[in-house]
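Please treat every number below as a calculation from the coordinates, not as lab data. Since this is a predicted model, take the numbers as computed values, not measurements. For neighbour counting, all protein chains shown are included, and Cβ atoms are generated from backbone atoms with ideal geometry for every residue, glycine included.
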Amino acid sequence: MKPTCPECNNEITFLQSFRNINPWNYHCPNCRKRIDISKKWKNISLISAGLGSIYGLFTAANDIPMLQAFVPVLIIALFAQWFVWQRITFYKFNDTNQQQDI
């Protein structure tokens, strides 16, 4: 199941998701209208960024070679992002930022 735009009902592919990396300002790659995701997915992105920062500090503090530390994490992160991407639901953007948390 691929996510679809609530405005134009076109599918948004995983590769198209890399064009918009800010989950707080997401635009449909097909119709260019602003769409939104639930707070749950925004929180997941914050947690992921925090864990990535902690992992980076850990590797820097322990003199682990960057390439050996980076490649496995990159592969795992891409798989996790693809897995999560299959479950995202987009909503029409609401200016009052009052949305359902699903």
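Quick one: angle between helix 39-61 and the longest Cα principal axis of the chain, in degrees between 0 and 90, rounded to 10, please.
Computed tilt is about 20 degrees.
Taking Cα atoms of segment 1-45, Rg/Rh with Kirkwood Rh, to two decimals?
That ratio is 0.92, to two decimals.
Collect residues whose amide H, placed 1.01 Å from N in the peptide plane, falls under 5 Å from the amide H of Thr4; neighbours closer than 5 in sequence don't count.
Residues meeting the amide H criterion: Ile12, Phe90.
What does the charge dipole of segment 16-92 about its Cα centre add up to, to the nearest 20 debye, if the Cβ of each Lys and Arg holds +1 and the Cβ of each Asp and Glu holds -1?
Dipole magnitude for segment 16-92 comes out near 640 debye.
For a paramagnetic label modelled at 7 Å from the Cα of Thr89 toward its Cβ, which residues of segment 18-35 fall within the zone defined by backbone nitrogen distances under 13 Å?
none
Using a simple spin-label model with points 7 Å from Cα along the Cα→Cβ vector, what separation in nm is obtained for Phe79 and His27?
Taking the simple label geometry, Phe79 and His27 are separated by 3.5 nm.
Rounded to whole Hz and in sequence order, give me ³J(HN,Hα) for segment 77-84 from the Karplus expression 6.51 cos²θ - 1.76 cosθ + 1.60, θ = phi - 60°, writing x for Gly and Pro.
Listing the rounded values in order: 5, 5, 5, 5, 5, 5, 4, 5 Hz.
Of Ile37, Ser48, Val71, which is farthest on the positive side of the dipole of segment 16-92, counting Cα position, with +1 on Lys and Arg Cβ, -1 on Asp and Glu Cβ, and the Cα centre as origin?
Ile37
If only Cα atoms are counted, what is the Rg of the chain, and what is its Dmax, in Å?
Calculated on Cα positions, Rg and Dmax stand at 16.0, 49 Å.
Summing +1 for each Lys or Arg and -1 for each Asp or Glu, what net charge is found among the other residues whose Cβ lies under 14 Å from the Cβ of Val84?
That sum, taken over residues with Cβ under 14 Å, equals +4.
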